[in-house]
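The values are calculated or read from the model by the stated rules, or taken from the named source; none is laboratory data. Predicted, not measured: the structure shown is a model, and the values here were computed from it. Every residue, glycine among them, receives a Cβ derived from its backbone with ideal geometry; neighbour counts consider all protein chains shown. Areas reflect the complete protein model, heavy atoms only, side chains present, ligands, DNA and RNA absent. Shrake-Rupley method; radii C 1.70, N 1.55, O 1.52, S 1.80 Å.
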Amino acid sequence: MSTTKSGSAQSRTSSLGSAGSRSSATPPSSAGKNSSGKVRKPASSSGAVGGGKQALPPKPSDRLNPKTVDPFANSSKGQSAFASVYANGGVPCRLIHGSVKHKLAWDTPPEQVPFDPVLVTLAEGLKETVHPYTFVSCMGFRELLETPQATQKATPMLPKLAPPLRAALGHTDSSVFERGIDGLLQLSAVVGPALNPYLKTFLMALSKRIMEKKYKEKVTESLQVLEQNGGKEALPIIKSKVPTYCSVSG
């Protein structure tokens with residue numbers, strides 16, 4: 001009798017063991033494999049490690065577009081003085097994007113725009129390094145100086161115009177320096193010898209750039225224009241700061 005019970009128990013144990021092997025999970029050696037035997041890769045998340053988003057690679061078109069900001073953004077945090085004035089309508093013009101080139105649309109005809117303070121504000125904007133401020137300040141400064149009676153309007157403003165032009169000429173950004181020297185020559189063409197008392201303000205910055213191979217020719221040509229516009233009194237002033245300068249008059 002006991003032998004029969006023992007046999008039955010062993011039979012049940014053998015049966016359970018066999019069932020357990022049939023219903024057991026995939027062996028460790030095959031874990032992570034699909035039915036084809038290939039290792040399954042964990043689903044990758046769109047973010048980087050830690051949940052952050054991965055930076056997208058730059059687009060080829062990014063190199064064609066200038067560094068741009070929204071001039072009418074609500075937040076004034078970090079805005080320059082020019083950006084703040086422009087956003088608040090202190091510069092009576094706006095940028096018109098063209099398919100080939102940009103231009104300015106003036107809310108008031110340029111000949112009716114008061115040089116004080118608008119021309120000074122535009123001169124201060126020459127130090128900007130982001131679009132549209134770079135274009136607005138440069139083009140606006142030039143267009144105001146091209147208006148009738150610009151000489152009579154700009155000459156009294158020279159004490160206010162000299163500091164921002166000097167700041168642009170001394171800026172470490174090459175594009176700012178180039179806009180500064182263009183603005184200086186435009187002003188010189190308009191006011192002529194009236195700029196002579198302020199030449200030393202600009203010559204220190206120009207004397208540094210003339211030592212750079214990239215700007216030697218441009219600065220030399222600019223000094224020649226300043227001499228021509230300033231008359232015979234301009235030469236000794238230029239020579240005092242740039243002794244190596246050779247006069248255009250020989």
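Per-structure values
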| item | result |
| --- | --- |
| Burial ranking of peptide ranges 109-115, 180-186 (average Cβ count within 10 Å, highest at the top) | 180-186, 109-115 |
| Full-extension gain in nm, LYS160 to THR201, via 0.36 nm per residue minus C-alpha separation | 13.5 nm |
| Greater than 32 Å apart at Cα, pairs in LYS127/LYS216; LYS101/LYS200; LYS127/LYS153; LYS127/LYS241; LYS103/LYS232; LYS101/LYS241 | LYS101/LYS200; LYS103/LYS232; LYS101/LYS241 |
| Net charge over other residues, Cβ less than 10 angstrom from the Cβ of GLU128 (K, R count +1; D, E count -1) | 0 |
| Inter-site label distance for SER249 and THR108 at 7 Å from Cα along Cβ, in nm | 4.0 nm |
| Accessible carbon and sulfur surface of segment 164-247 relative to its total accessible area, %, 1.4 Å | 55 percent |
| Given charges at beta-carbon only (K, R positive; D, E negative), |dipole| of segment 79-190 in Debye | 40 debye |
| Within-15-Å neighbourhood charge of VAL113 [Cβ basis; K, R +1; D, E -1] | -2 |
| Loop-resident sites, segment 128-219, for trypsin sites (Lys or Arg not before Pro), counting at most 13 other Cβ within 10 Å (DSSP) | LYS213, LYS214 |
| Charged-residue dipole, Cβ positions (Lys, Arg, Asp, Glu), segment 115-250 about Cα centre, Debye nearest 20 | 460 debye |
| Cα point-scatterer Debye curve for segment 142-250, base-10 log of I(q)/I(0) at q = 0.20 Å⁻¹ | -1.05 |
| Computed FRET value (nearest 0.05) for THR129 with GLN228, which takes r as the C-beta separation and R₀ as 35 Å | 0.65 |
